[in-house]
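The values are calculated or read from the model by the stated rules, or taken from the named source; none is laboratory data. Please read all numbers here as calculations on a predicted model, not as lab measurements. All Cβ positions, glycine included, derive from the backbone under ideal geometry; neighbour counts span all protein chains shown. The protein model used for the area step is the full one, side chains on, heavy atoms only, and it has no ligands, DNA or RNA in it. Shrake-Rupley method; radii C 1.70, N 1.55, O 1.52, S 1.80 Å.
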Amino acid sequence: MAEEKEEVKTFKDLGICEQLSDACDDLGWKNPTKIQVEAIPHALEGKDLIGLAQTGSGKTGAFALPILQSLLEASEKSGQPFFACVMSPTRLELAIQIAEQFEALGSGIGVKCAVLVGGVDMVQQAIALGKRPHIIVVTPGRLVDHLSNTKGFSLRTLKYLVLDEADRLLNEDFEKSLDEILKVIPRDRRTYLFSATMTKKVKKLQRACLRNPVKIEAASKYSTVDTLKQQYRFIPAKYKDCYLVYILTEMSGSTSMVFTRTCDATTFLALVLRNLGLRAIPINGHMTQSKRLGALNKFKAGECNILICTDVASRGLDIPSVDMVINYDIPTNSKDYIHRVGRTARAGRSGVAISLVNQYELEWYLLIEKLIGEKLPEFPAEEEEVLLLLERVIEAKRISQMKIKESGGKKRMGGGDGEEEIEKYLGIKDKKSKKFKKR
């Protein structure tokens with residue numbers, strides 16, 4: 001059986017029709033990935049799926065292609081509004097990305113998508129639902145809002161339910177909304193579960209919602225891709241900023257994502273790096289949806305090559321050609337490490353992940369090594385060389401703290417919104433999402 005799978009070279013070999021295979025080719029998807037090879041034939045046979053695969057391995061294509069092929073077959077008989085619902089735990093960015101992928105793959109067959117997420121005007125979303133899209137990409141809470149309040153909207157015609165990032169959707173935060181949705185959608189449907197990390201709660205959902213599912217493991221339980229080079233550096237906490245600047249300067253031509261623990265840290269670090277002449281921009285959960293999209297689009301377009309982010313950007317987002325991920329703060333939940341470093345080395349590309357570990361974070365870092373089952377090599381750097389930057393970094397931090405203090409003071413005195421002043425300085429604007437076509 002393994003030998004047969006190795007012989008698969010094209011999407012047509014998996015049973016994907018010519019029209020959709022051509023769409024894959026247009027997107028630059030020359031060969032199916034491992035999860036696509038494993039999942040698509042079972043999906044085309046009408047099976048429910050539980051798919052476990054490394055982040056960046058082409059999971060969206062693994063469920064989008066069978067759904068679109070089924071839609072194509074169904075539409076030849078009659079119109080099929082609200083054919084599939086894809087549920088995502090995060091908000092606008094990931095939902096838009098999934099919808100764009102469906103639209104790109106289904107451009108030749110006139111696929112219509114709608115995105116239903118919180119923080120966006122419900123009236124506009126209701127108008128989009130009135131156009132009877134084939135695919136809706138949703139967050140659970142906002143879908144419940146529309147099922148309760150949008151006249152004429154129901155999911156009686158639903159044929160497919162997909163839970164993307166399923167491990168998070170099974171957190172207690174989503175339990176109530178998920179139960180309400182499962183009560184009102186047809187029992188006679190196909191259900192796909194996809195996740196980069198498997199938990200007991202995913203198995204619980206398998207018992208509750210799936211019928212004789214095929215379980216596909218295109219990766220070990222908690223693993224990273226082979227093309228990812230992972231390193232760590234144990235450093236004194238007082239020199240962490242200095243090491244960050246050193247690494248980013250050494251890799252100045254690279255596109256990098258830097259993960260912090262708090263929203264405030266993203267803004268502060270972006271200011272510090274800007275004051276040192278580096279093109280950094282922050283993204284965090286305190287920013288409005290449109291400003292987050294604006295920052296993300298600047299990063300994708302190459303206007304800024306360093307994205308300073310919280311874990312809001314660690315799951316699902318497919319940002320083309322991220323060369324390096326830096327864990328400025330070590331995640332307290334070791335599984336979040338898998339999702340963070342999965343932002344690089346995607347779809348067969350190579351990438352680097354460097355974790356800066358101070359004396360207070362060692363315990364969390366050791367849990368990460370235990371989770372992935374390997375001891376990582378140390379990032380090579382001469383401390384004397386790194387500390388040559390110390391004076392400049394201290395001055396950049398002083399200027400940044402002063403800027404934040406000044407803007408906050410103006411806000412308290414009624415002289416304008418300090419937060420907006422900082423965002424304006426960093427170049428964060430409200431912006432519509434740009435479409436991009438990556439696996």
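Couple of notes before you dig in:
- For the peptides 266-277, 297-308, 165-176, 384-395, the ranking by packing is 266-277, 297-308, 165-176, 384-395, with the highest mean count of neighbouring Cβ atoms within 10 Å listed first.
- Spin-label model distance (nm) - residue 333 vs residue 370, 7 Å beyond Cα toward Cβ: 1.8 nm
- In terms of its Cα atoms, region 240-288 spans 32, 20, 18 Å along the principal axes, sorted from long to short.
- Segment residue 179-residue 73, length gained on full extension (0.36 nm per residue, minus Cα span): 35.1 nm
- Segments 109-118, 19-28 sorted - mean Cβ within 10 Å per residue, highest first: 109-118, 19-28
- For the chain: accessible area per residue (Å², 1.4 Å): 45 Å²
- Cα Rg, Dmax, the chain, angstrom units: 22.6, 72
- Listed pairs 9/370; 183/291; 12/229; 159/215 exceeding 26 Å between Cα atoms: 9/370; 183/291; 12/229
- Diffusion of region 226-345 by Stokes-Einstein, at 25 °C in a medium of 0.890 mPa s and with Rh set to the Kirkwood radius over alpha-carbon pairs, works out to 171 µm²/s.
- Carbon + sulfur, % of accessible area of the chain - ligands and nucleic acids excluded, 1.4 Å: 48 percent
- Computed from backbone phi with θ = phi - 60° and the Karplus coefficients 6.51, -1.76 and 1.60, the 3J(HN,Hα) list for region 185-191 is 9, x, 5, 7, 8, 9, 10 Hz; x is used for glycine and proline.
- Tilt relative to the chain, helix 390-412 - C-alpha long axis, 0 to 90 degrees, to 10: 70 degrees
- Within-10-Å neighbourhood charge of residue 125 [Cβ basis; K, R +1; D, E -1]: -1
- Placing +1 on the Cβ of every Lys and Arg and -1 on the Cβ of every Asp and Glu, with nothing else charged, gives the chain a dipole about its Cα centre of roughly 1260 debye.
- Full extension of the segment from residue 249 to residue 156, taken as 0.36 nm per residue of separation minus the current Cα-Cα distance, would add 28.0 nm.
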